[in-house]
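Novice: The structure follows.
The values are calculated or read from the model by the stated rules, or taken from the named source; none is laboratory data. What you are looking at is a predicted structure, and each value in this text was computed from that prediction instead of being measured. Glycine also receives a Cβ, built like all others from the backbone with ideal geometry; neighbour counts cover every protein chain displayed.
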Amino acid sequence: MICKVIAREGELGSGGGREAFLPGIRYVCEKGSSIAIRNLSCRSWTDAAEEMNLTSQLSNRVQNPYYHIVISWHEIERPTEAQQIAAMARMLRALGLHEHQAVIATHDDTPRRHVHAVINTVHPLTGRAWSKSNDRRRAEQACRQIELEMGWPHDRGQYDFVVQEIRGRKIVKLVARQEEHYQEIKMARENGRRKKTSAQIKVEKKTGIEVFDHAIPDALKIKLWKALDTCRTWQDVHTVFHDLGLRYDRFGSGARVYLVGSTEFVKASSFGARLSISRMEKLFGAFKPAEAMPKRNPGSDLSSTCGLIGQVAPEDEKATRATAFKTTLLRRIYIEIHIDSRVAREIRFVDLAALPPQITFRSGAVVMDHGARLSTTASSHETRATMIAMAKAKRWSSVTPTGSADYVRQISVEAAQAGLRVTGVPADIQAEADRIFEAQRQKRRLDAAEHAAQRAHLEEMTEREYALQRNSRFRMEVAAEKRAMDDGRDHEPSPPLDARHVPEPQPAPDAARHALAKIRNIRKTVRDNDRDELEHLKRLDIGVIAAAGGWADVSRTHRDSSDKEGRAFRIYQRGGDTIKCTLKPDGRWLWVSNKTGDSGTIFDLWRRDNPGRTLGHARAALRDLAGTAPVVVEAAPTGRSPTPPDHTEVRRRWEAAGLVGQSTSYAEKRGISKATLRRFADALRCGAFGGIYFAHRNLATGDIQGFEQRWERDGEKNQARFAKGGRKSVCILGDPSMSRRMVVLEGGLDALALAEIENRHDTIYVSTGGGFGPETERALMHLAAGRETLGGFDNDRAGEAMHAALAKIVTGTNRLAPPSRVSGADVNCKDWLDVLNARKEASAAHWIGVERAAETNREIDNGVLLRSEDDRTTPDFD
């Protein structure tokens, strides 16, 4: 649960004046499904505002007695109305407002259930004002305490917290996050390891392919960093990227790195914070586009006799025909060939835009991609490893090498070791490749069988340990209750619980045995087992169980997978069945079958695949294999959870932001008029550093789910960012119900500028806030229905790319590019904001000319036309 302190629009701080009681209570109660009145003499909420207003006059010093808070729950939590009101009552007590006048109302008009409270901060008896100091911190601590007492899961907040037991009661204490937490974040950004956004997670879930940003191997980053250390100019930088098959270019207020030959790109900071445009410009000066690059000369004859022909398994043909697989093929090939650091160091340059795409090595050898066939001009460890990596990216299940006998033998062995079946080679090579392929597959099965009994028995031991811990805590709670009753501190209407009662049975270390003889044998085995072996058994991974049962790991390709590396979530398939596995914080893997609904631990999975067999059978049969080092898969770090973010913080920030017009905003500094800002006031707010916020709303509900931010800080203009934790859709300037025309632009400032230039009320100006995410695409398709759609992106290469992307989303989209020059102005224009300012400059120059001409005419009429500016005197019209 989360508590929000509502800031009244147009006023600073978490409160409002006396006049806010009536509209505030009306809003809360008219939409309320259940209403409670506290410390008021009136019986109806309609009279509460007047009584609160009178009470607030007991203190002449208090100017803002109105206080409004909301407690909300996650969508999966469904508290009853009584529970919501009880939670608010606890919140008021925790804040010290339990004796103040309050109107409480529950709302169920949104997916998240929530309860409002409008409070008078002036005490009805003493007339003293309640202090709002650190109210948000106190509210967060109260939330964590209420969650603990009422049994709800803890939500994230600004602080960490610990639970302390004081006089038998568990008390929550907030703790400031350690400096190491922020240092880890800084280091991760420096190395280009940012957390996945919700949009990226949705893309991965939709396509089954890891996003480009998080697939970049460290070997490629290190190679790029070392090459950039030798650069002295921007042209040197562009040459380095060109040799790597990449292109560095400015985009908006930042920069992007494009994969040459495809439409793939990432933010420059994905390769490390040192590649951000601001830090690059500090090193090399103002950004300069790349000059014409010389044509690459591989330095060798491209004719080749060494090749590799691939085949796709029938069960994978459908996946390889998918659009997402085809559009990301070049990128996945590029990633695969750079995973091995030794191979990455030997690559001289990459040219995926060539026909056929080519990878050239320092030795002069070239690997070429002909689609269903790969070829190389020379056989070496690096070229063969590159071809095998490309084959795996293409999802080939078997390969047929062609070329010299030495080449065929070497690549056959290496391909079999990589898990690719080899076909069409001489009998002796075929036999060796098949032996290696089968040995690798058998080794995986043996590894799985080795750890099967280990982890299964660990499950039973772990359950027993947890049961003992729970029972110990239960007895401690009972003892605390008895001590409290003896001391007379608490009133206990019902008899105390019996400490001898065990709330849940303790499973024996060797439970679920079917025969007494087997039980005796297994107990003897357990007694013989030492602690070190048990610790060794705790490291078993569910992958060994799955491999033993013939399950295939499809975590990297399945559309429902949110963890492509399989650290905390995996998906396995066998035949027509699919199981989804989750790693819990205590180290246990839990699974569930989509087909049958069966679920359980890895012990249950092993027994499901071995019907009729017991844990004792498995342990006795596989104990001799326990010497092999177990496979350890660490849990994914906290903060990379694939669950959707909570957007309450985004809405709170929007509501706390000031209205446009109250102060000079960044938009006005960039040339937008106050009249234009007032016209679209509902979609705009003023934020920190005088910045301007552009609302991104849910089209179905109208709720704020994020906002674009533009501001100037430390002299750097057009600082841009999307609200942290928000979801990007579109910002709509104008009334959709009255429009028949839509212009799509990249940013909110351009949308405001074009709206001011055109001054049309039959048009909505839509800002995407950058690229097109899934929600942005859906919103654009929804808004385009029945409207003429235009793309108003910048008149440069990036703008053309944005328009092309828009045309794929909305068919029939026309281009509305800003002109590069405006008559009467001396500046070049790239976007509509430049056009607006150029028009104003031209208009100002025109009127200056008109005024000078008028002044000249007046001087002629008065006979005072002088020969030079120096001799001119200003007529005295007084």
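Novice: From the list K580, K595, which one is at pLDDT 80 or above and either part of a loop (DSSP other than H, G, I, E, B) or surrounded by fewer than 19 Cβ atoms within 10 Å (Cβ to Cβ) (or both)? If you could, list the steps in order and put the result at the bottom.
Specialist: On the way: K595 fails: at pLDDT 80 or above.
Of the residues listed, the single one that is at pLDDT 80 or above and either part of a loop (DSSP other than H, G, I, E, B) or surrounded by fewer than 19 Cβ atoms within 10 Å (Cβ to Cβ) (or both) is K580.
Novice: Here is a further query. Looking at L92, L54, which is the one that is surrounded by 14 or more Cβ atoms within 10 Å (Cβ to Cβ) and assigned by TED's automatic domain parsing to the domain that holds G157? Don't jump to the end; show me each part of the working.
Specialist: Details: L54 fails: surrounded by 14 or more Cβ atoms within 10 Å (Cβ to Cβ).
Unique residue meeting the criteria: L92.
Novice: While we're here: Kindly evaluate P23 against the criterion of being under 30 Å from D682 (Cβ atoms), surrounded by fewer than 19 Cβ atoms within 10 Å (Cβ to Cβ) and of a type outside the set (S, T, N, Q).
Specialist: Numbers: under 30 Å from D682 (Cβ atoms): yes; surrounded by fewer than 19 Cβ atoms within 10 Å (Cβ to Cβ): yes; of a type outside the set (S, T, N, Q): yes.
Spelling it out, P23 is indeed under 30 Å from D682 (Cβ atoms), surrounded by fewer than 19 Cβ atoms within 10 Å (Cβ to Cβ) and of a type outside the set (S, T, N, Q).
Novice: Within the stretch 60-95, restricting attention to residues that are touching a Ser or Thr at 6+ places or on another chain (Cβ under 7 Å) and β-branched (V, I, T), which residue is modelled with the highest pLDDT?
Specialist: As a first pass, look at the stretch 60-95 and keep what is touching a Ser or Thr at 6+ places or on another chain (Cβ under 7 Å): 62, 65, 67, 72, 81, 84-85.
Keeping just the survivors that are β-branched (V, I, T) gives 62, 85.
On the way: V62: 87, I85: 94.
Top of the filtered list is I85.
Novice: From R137, R112, R90, grab the single residue that is in a helix (DSSP H, G or I) and under 22 Å from V650 (Cα atoms). Working first, answer last.
Specialist: Details: R112 fails: in a helix (DSSP H, G or I); R90 fails: under 22 Å from V650 (Cα atoms).
Result of the check over R137, R112, R90: R137.
Novice: Working only within the stretch 770-786, note down all residues that are at pLDDT 90 or above and either buried (at least 18 other Cβ atoms within 10 Å of the Cβ) or assigned by TED's automatic domain parsing to the domain that holds A255 (or both).
Specialist: T776, E777, A779, L780, L783, A784
Novice: Same structure, new question: If you take the residues of the stretch 554-577 that are without any contact (Cβ under 8 Å) to a residue 60 or more places away in the chain and among the basic types (K, R), which of them is surrounded by the fewest Cβ atoms within 10 Å (Cβ to Cβ)?
Specialist: Of everything passing the filter in the stretch 554-577, R574 is surrounded by the fewest Cβ atoms within 10 Å (Cβ to Cβ).
Here is a yes/no grid of residues against (1) out of contact with any Leu (no Cβ under 7 Å at 6 or more places or on another chain); (2) closer than 28 Å to E841 by Cβ:
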residue	(1), (2)
A681	no, yes
H696	yes, no
I732	yes, no
M742	no, no
L745	no, yes
T789	yes, no
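Novice: In the stretch 403-418, what residues are in a helix (DSSP H, G or I) and over 45 Å from the mean Cα position of the chain (by Cα)? Break it down stepwise before answering.
Specialist: Taking the stretch 403-418 first, the residues in a helix (DSSP H, G or I) are 405-417.
Residues satisfying the conditions are A405, D406, Y407, V408, R409.
Novice: For the structure I just gave you, tell me whether A805 is over 24 Å from Y248 (Cα atoms), outside any loop (DSSP other than H, G, I, E, B) and assigned by TED's automatic domain parsing to the domain that holds A720. Walk me through how you get there before you give the answer.
Specialist: Details: over 24 Å from Y248 (Cα atoms): no; outside any loop (DSSP other than H, G, I, E, B): yes; assigned by TED's automatic domain parsing to the domain that holds A720: yes.
So A805 does not fit the description; no.
Novice: For the stretch 61-87, give me each residue that is in a loop (DSSP other than H, G, I, E, B) and closer than 22 Å to G17 by Cα.
Specialist: R61, V62, Q63, N64, P65
Novice: Related question: Would you mind listing the strands (runs of 3 or more DSSP E) fully within the stretch 245-364 where at least 1 residues are at pLDDT below 85 and farther than 25 Å from T207 by Cβ? First the steps, then the outcome.
Specialist: Numbers: elements: 246-251, 254-259, 265-267, 306-311, 347-351, 358-361.
Output list reads 347-351.
Residue-by-condition table, conditions (1) in contact with a Phe, Trp or Tyr (Cβ under 7 Å, 6 or more places away or on another chain); (2) of a type in the set (A, V, I, L, M, F, W, C):
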| site | (1), (2) |
| --- | --- |
| G771 | no, no |
| T776 | no, no |
| A784 | no, yes |
| R787 | no, no |
| A798 | yes, yes |
| H803 | yes, no |
| R821 | no, no |
| A844 | no, yes |
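Novice: State the number of residues belonging to the stretch 113-134 that are surrounded by 19 or more Cβ atoms within 10 Å (Cβ to Cβ) and modelled with pLDDT under 90.
Specialist: Within the stretch 113-134, residues that are surrounded by 19 or more Cβ atoms within 10 Å (Cβ to Cβ) and modelled with pLDDT under 90 number 0.
Novice: Failed condition for Q430, given (1) touching a Gly at 6+ places or on another chain (Cβ under 9 Å); (2) modelled with pLDDT of 90 or more; (3) crowded, with 16+ Cβ neighbours inside 10 Å, with all others met?
Specialist: Unmet condition: (3).
Novice: Could you grab me the full set of residues in the stretch 416-445 that are of a type in the set (A, V, I, L, M, F, W, C) and closer than 22 Å to V544 by Cα? Spell out how you get there, then give the answer.
Specialist: Quick first cut of the stretch 416-445, residues of a type in the set (A, V, I, L, M, F, W, C) only: 416, 418, 420, 422, 425, 427, 429, 431, 433, 436-437, 439.
A416, A418, L420, I436, F437, A439, listed by residue number.
Novice: Looking at R194, R177, R144, R156, which is the one that is in contact with a strand residue (DSSP E or B) (Cβ under 8 Å, 6 or more places away or on another chain) and assigned to a loop (DSSP other than H, G, I, E, B)? Outline the logic, then answer.
Specialist: Working: R194 fails: in contact with a strand residue (DSSP E or B) (Cβ under 8 Å, 6 or more places away or on another chain); R144 fails: assigned to a loop (DSSP other than H, G, I, E, B); R156 fails: in contact with a strand residue (DSSP E or B) (Cβ under 8 Å, 6 or more places away or on another chain).
That would be R177, the only listed residue that is in contact with a strand residue (DSSP E or B) (Cβ under 8 Å, 6 or more places away or on another chain) and assigned to a loop (DSSP other than H, G, I, E, B).
Per-residue answers, yes or no, for (1) at pLDDT 90 or above; (2) aliphatic (A, V, I, L, M):
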residue: L677; (1), (2): yes, yes
residue: F680; (1), (2): yes, no
residue: F722; (1), (2): no, no
residue: G726; (1), (2): no, no
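Novice: If you go through the stretch 200-211 one residue at a time, do you hit one that is over 30 Å from S767 (Cα atoms), surrounded by fewer than 18 Cβ atoms within 10 Å (Cβ to Cβ) and either over 26 Å from the mean Cα position of the chain (by Cα) or among the β-branched types (V, I, T) (or both)? Can you show your working first?
Specialist: Residues of the stretch 200-211 that are over 30 Å from S767 (Cα atoms), as a first pass: none.
Scanning the stretch 200-211, I find no residue that is over 30 Å from S767 (Cα atoms), surrounded by fewer than 18 Cβ atoms within 10 Å (Cβ to Cβ) and either over 26 Å from the mean Cα position of the chain (by Cα) or among the β-branched types (V, I, T) (or both), so the answer is no.
Novice: Let me ask another. Might you let me know whether the stretch 162-172 holds any residue that is surrounded by 19 or more Cβ atoms within 10 Å (Cβ to Cβ), more than 25 Å from the chain's Cα centre (by Cα) and farther than 30 Å from L40 by Cβ?
Specialist: From the stretch 162-172, those surrounded by 19 or more Cβ atoms within 10 Å (Cβ to Cβ) are 172; that's our starting set.
Now drop any that are not more than 25 Å from the chain's Cα centre (by Cα), which leaves 172.
Of the ones still in play, those that are also farther than 30 Å from L40 by Cβ are 172.
Looking through the stretch 162-172, at least one residue is surrounded by 19 or more Cβ atoms within 10 Å (Cβ to Cβ), more than 25 Å from the chain's Cα centre (by Cα) and farther than 30 Å from L40 by Cβ.
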